[in-house]
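Reviewing the structure listed below.
The values are calculated or read from the model by the stated rules, or taken from the named source; none is laboratory data. Keep in mind that this is a model prediction, so the values were computed, not measured. Glycine gets a Cβ as well: all are built from the backbone with ideal geometry, and neighbour counts include every protein chain shown. Only protein heavy atoms, including side chains, enter the accessible area calculation; ligands, DNA and RNA are left aside. Shrake-Rupley method; radii C 1.70, N 1.55, O 1.52, S 1.80 Å.
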Amino acid sequence: MLREIADREPREANADAPAELKVGYQGEPGAFGEVAAAAHGGVPVPFASFEKVLEALGQGAIDEAVFPLENAVVGAITEALEPLASAVLRGLDLVATSLTSVPVRLALSVKQGTPIGDVKRAWSHPAALRQCTQRLAALGIEPVVCYDTAGAAKIIAADASTDAAICSRHAAEMSGLDVLIEDVSDRDQNSTRFVHLRQADHARARVPLAFLRTSSMTATTRLDVLTGATLLPLAGTPEHPVRMWVLGADAARLQALAPARDVQVVSLGQPAPHASRLPPKEGTAPAVKSLPHATARKPATVVEVGPFKVGGGHRAMIAGPCSVESPEQVMRIAKEVAACGATALRGGVFKPRTNPYAFQGHGYEALEWLAAASREVKLPIVTEVMAVDQVQQVAQKAEVLQIGARNMQNFDLLRAVGRAGRPVLLKRGAGATTDEWLGAAEYVMASGESRVMLCERGIRTFEPSTRNTLDLGGMLAVRPLTHLPLIADPSHAAGRADLVEGLARAAWSAGADGLIVEVHDDPARALCDNEQALVPARFAELARALALEPNAHLPLAQLRAWVDAIDHDLAELVKRRLDVARVIGDSKRQTGRAVLDPKREAAVRRTYYEALPGAKQLADKLVDLLIEAARAQQSIEE
Ligand code: PEP
Ligand code: MN
């Protein structure tokens, strides 16, 4: 029944008319937004979604936008505030020029001649439906969500059912509907407050309006008392669990009063002296001024060498022995890790050892053995260079040059690898701060190499039970400062094989772009770092847990184990989906919302189409099954 809503282009302006103020709103002509848009003599321009309104405002296609902020019955209009919040945080520079309060009378409207007794369902915008939950329940009418109030009137006019629309009288009349009940709002004197927004350089702000991002509600509980503001809490994201809009507050005062650490104030409508607290925009100053390359504000750097691709959502697994010990040893291990889905082969030929009498690596000869293994398994090489005079020769054979932890501040070496024309994996020094680490990356980049990967490999702490302490906090702290890929090395952090898988999983879940893991098929006889090496079978388990893609060289029994693990996960996920669907059903019933939502169903289908390109039939079957099961969970009878 719900037809596809095409995104409308803004109406063409009449070229002869004097310059008019084009004001965008979400919805169809006749929507409450249109009233707000016309409030100051503007020409209302309808858009299918709030996102489209903001896009048009950003492109200058309209002069102003109106957004519903707050309704007398239900409070914050989250549908509008979420897109507004994300546009502001993406850097759309807006000011609020005024607020308009629009009286809201929600007319229950039907096709001519439909008696009220026949009305079983009523269509409207979710925010409008929330405003008449109780009345509809008392009338025994089921709410049905659609994209707009006036749009609901259009749907009902074109439909053969006895459903109703909830919209303004004006919208009902425009669609030729009869009004059965003038106002089904749960409260008299319903109204919605709209904010008028313009691009910052197009207007001088007049209405104080601020937007807070905060990780805790308690941090802001007293702000309304202190500033006299109206706080509109919004559901947040996992990253920022609570967000609030603040109406009528003095943003500067708010800023001064807000607990500094976890509250970010973004002001609409006042000059923003606190702009320095906004996340810097792309194309503007680097996050750390003195590090213009490593902390430049730009899209994620993706380092790509053959099958190895890391950064910007691409994830990598670098695996292999600590040191290359013989042609056979590296060939065997290379085959094992490649079969498990590793995307690059590691192996040291120059080894930085604490004891000068310990095995120092087989040098250039071992580089040949490593190269042969790399060719055989078609994985690029990651290997360490320890001295400036090694760089050129190693760079001829190795696709990625590693700077070891001990050399992180060997500035001549950093400059030399920066000129070698190869991507660089830069280990963090065991005693280096994250700033020093970024500084080292800057050396490489300033010398010409932009493809730098930062590798957290554990820092030295007082804790003796591990060789180092994997500093995932430090790794995460670097994430917002840099566009470079972040790699974690659980092997050198742990120093013991039994902890490698746990640390690897932790780093992976924390969002590391890649891992580098040491693997040896005879750890007891390994010439270096024997205690931390994973045997191939355990590496396979890790690879399976991280959902790497095995190849056909993996023995069949192991491939089966791989698929079994996926089935297990899939079944678990299906169970979780059903559980959450049931909770959603309960929640909707408690809040009086329609349990069935055709728009949601379409969105679920889209998710599966996107995840399963070229397998539409499979996607449809899966969605049909899931929806059928979810309905059973939500006890909906067809
Ligand atoms: C290595 O990767 O083998 C190595 C020596 O690492 P790090 O420099 O992190 O100790
Ligand atoms: Mn090692």
Next item on the list: Would you mind telling me which numbered condition in (1) in contact with a helix residue (DSSP H, G or I) (Cβ under 8 Å, 6 or more places away or on another chain); (2) buried (at least 19 other Cβ atoms within 10 Å of the Cβ); (3) among the β-branched types (Val, Ile, Thr); (4) farther than 21 Å from LEU136 by Cβ VAL74 fails?
Entry: (4)
Item checked: Set GLY341, GLY418, GLY429: member being crowded, with 20+ Cβ neighbours inside 10 Å and either in contact (Cβ under 8 Å) with a residue 40 or more places away in the chain or in contact with a Leu (Cβ under 8 Å, 6 or more places away or on another chain) (or both) -> GLY341
Checklist line | Answer residue from the stretch 446-464, given it is open to solvent by 30 Å² or more (accessible area, probe 1.4 Å) and among the basic types (Lys, Arg) and is farthest from LEU486 (Cα to Cα) among those | finding: ARG460
Next item on the list: Quick one: in the stretch 125-160, of everything that is of a type in the set (Ser, Thr, Tyr) and touching a helix residue (DSSP H, G or I) at 6+ places or on another chain (Cβ under 9 Å), which residue is surrounded by the fewest Cβ atoms within 10 Å (Cβ to Cβ)?
Entry: TYR147
Check: Which ones in the stretch 557-585 are more than 28 Å from ARG600 (Cβ to Cβ) and either within 23 Å of the chain's Cα centre (by Cα) or acidic (Asp, Glu) (or both)?
Finding: ASP564
Next item on the list: Give me a count of the residues in the stretch 533-557 that are within 16 Å of ligand 2 (Cβ to nearest atom) and either part of a helix (DSSP H, G or I) or open to solvent by less than 20 Å² (accessible area, probe 1.4 Å) (or both).
Entry: 3
Check: Can you name the number of the only condition in (1) among the acidic types (Asp, Glu); (2) touching a Phe, Trp or Tyr at 6+ places or on another chain (Cβ under 8 Å); (3) more than 22 Å from PRO29 (Cα to Cα) that ASP163 fails?
Finding: (3)
Check: When the stretch 153-169 is examined, which residues are found to be over 15 Å from THR114 (Cβ atoms) and more than 40 Å from the chain's Cα centre (by Cα)?
Finding: ARG169
Check: Within the stretch 280-321, restricting attention to residues that are among the charged types (D, E, K, R) and in a loop (DSSP other than H, G, I, E, B), which residue is modelled with the highest pLDDT?
Finding: ARG315
Next item on the list: Out of THR482, THR469, report the one residue that is open to solvent by 30 Å² or more (accessible area, probe 1.4 Å) and among the hydroxyl-bearing types (Ser, Thr, Tyr).
Entry: THR469
Next item on the list: Name, by its number, the condition in (1) in contact with a His (Cβ under 9 Å, 6 or more places away or on another chain); (2) over 26 Å from VAL388 (Cβ atoms); (3) among the charged types (D, E, K, R) that does not hold for ARG457.
Entry: (2)
Note to self: Residue under question is GLY592, and the condition is that it be at positive phi and in contact with a helix residue (DSSP H, G or I) (Cβ under 6 Å, 6 or more places away or on another chain); does it hold?
What the structure shows: yes
Notebook entry, point to check: Quick one: would you say ALA122 is open to solvent by 10 Å² or more (accessible area, probe 1.4 Å) and over 21 Å from VAL53 (Cβ atoms)?
Noted result: no
Notebook entry, point to check: Across the stretch 46-57, which residue is modelled with the lowest pLDDT among those that are touching a strand residue (DSSP E or B) at 6+ places or on another chain (Cβ under 7 Å) and surrounded by fewer than 24 Cβ atoms within 10 Å (Cβ to Cβ)?
Noted result: SER49
Notebook entry, point to check: What about ARG560, is it under 21 Å from GLY347 (Cα atoms), without any contact (Cβ under 8 Å) to a residue 12 or more places away in the chain and surrounded by fewer than 19 Cβ atoms within 10 Å (Cβ to Cβ)?
Noted result: no
Next item on the list: Filter the stretch 579-638 for residues that are in contact (Cβ under 8 Å) with a residue 60 or more places away in the chain and either open to solvent by less than 40 Å² (accessible area, probe 1.4 Å) or more than 29 Å from GLN134 (Cα to Cα) (or both) and give the result.
Entry: GLY592, ALA594, ASP597
Margin query: Could you go through the stretch 342-360 and let me know if any residue there is within 15 Å of ligand 1 (Cβ to nearest atom), in a helix (DSSP H, G or I) and of a type outside the set (Asp, Glu).
Written below: no
Note to self: Checking ILE403 against (1) touching a residue at least 60 places away in the same chain (Cβ under 8 Å); (2) within 32 Å of the chain's Cα centre (by Cα), only one condition comes out false. Which one?
What the structure shows: (1)
Checklist line | Hits in the stretch 344-370 - residues which are over 21 Å from PRO423 (Cα atoms), open to solvent by less than 50 Å² (accessible area, probe 1.4 Å) and not hydrophobic (A, V, I, L, M, F, W, C) | finding: GLY361
Notebook entry, point to check: For ASN530, which of the numbered conditions (1) within 16 Å of ligand 1 (Cβ to nearest atom); (2) of a type in the set (S, T, N, Q); (3) exposed (fewer than 14 other Cβ atoms within 10 Å of the Cβ) fails to hold?
Noted result: (3)
Check: Just one of the numbered conditions (1) free of Cβ contacts under 8 Å to residues at least 60 places away in the same chain; (2) crowded, with 24+ Cβ neighbours inside 10 Å is not true of ALA319; which one?
Finding: (1)
Notebook entry, point to check: Just to be sure, is VAL394 in contact with an Asp or Glu (Cβ under 9 Å, 6 or more places away or on another chain), of a type in the set (Val, Ile, Thr), in a helix (DSSP H, G or I) and modelled with pLDDT of 95 or more?
Noted result: yes
Next item on the list: Go through ALA373, ALA441, ALA420 for me and flag whichever is touching a strand residue (DSSP E or B) at 6+ places or on another chain (Cβ under 9 Å), closer than 19 Å to ARG297 by Cα and either among the small types (Gly, Ala, Ser) or within 12 Å of ligand 1 (Cβ to nearest atom) (or both).
Entry: ALA441
Check: Could you say whether any residue in the stretch 489-499 is in contact (Cβ under 8 Å) with a residue 40 or more places away in the chain, surrounded by fewer than 21 Cβ atoms within 10 Å (Cβ to Cβ) and away from ligand 2 (no atom under 16 Å from the Cβ)?
Finding: no
Notebook entry, point to check: Condition test on ALA507, is it within 15 Å of ALA319 (Cβ to Cβ), within 16 Å of ligand 1 (Cβ to nearest atom) and at pLDDT 95 or above?
Noted result: yes
Item checked: Criterion (in a loop (DSSP other than H, G, I, E, B), within 30 Å of the chain's Cα centre (by Cα) and either among the hydrophobic types (A, V, I, L, M, F, W, C) or within 16 Å of ligand 1 (Cβ to nearest atom) (or both)) met by exactly one of LEU454, LEU426, LEU484, LEU476 -> LEU484
Margin query: Which residue is surrounded by the fewest Cβ atoms within 10 Å (Cβ to Cβ), if the candidates are limited to the stretch 514-526 and must be of a type outside the set (Val, Ile, Thr) and within 16 Å of ligand 1 (Cβ to nearest atom)?
Written below: PRO523
Next item on the list: Pick out the one residue from GLY511, GLY502 that is assigned to a loop (DSSP other than H, G, I, E, B) and either open to solvent by 10 Å² or more (accessible area, probe 1.4 Å) or within 18 Å of VAL337 (Cα to Cα) (or both).
Entry: GLY511
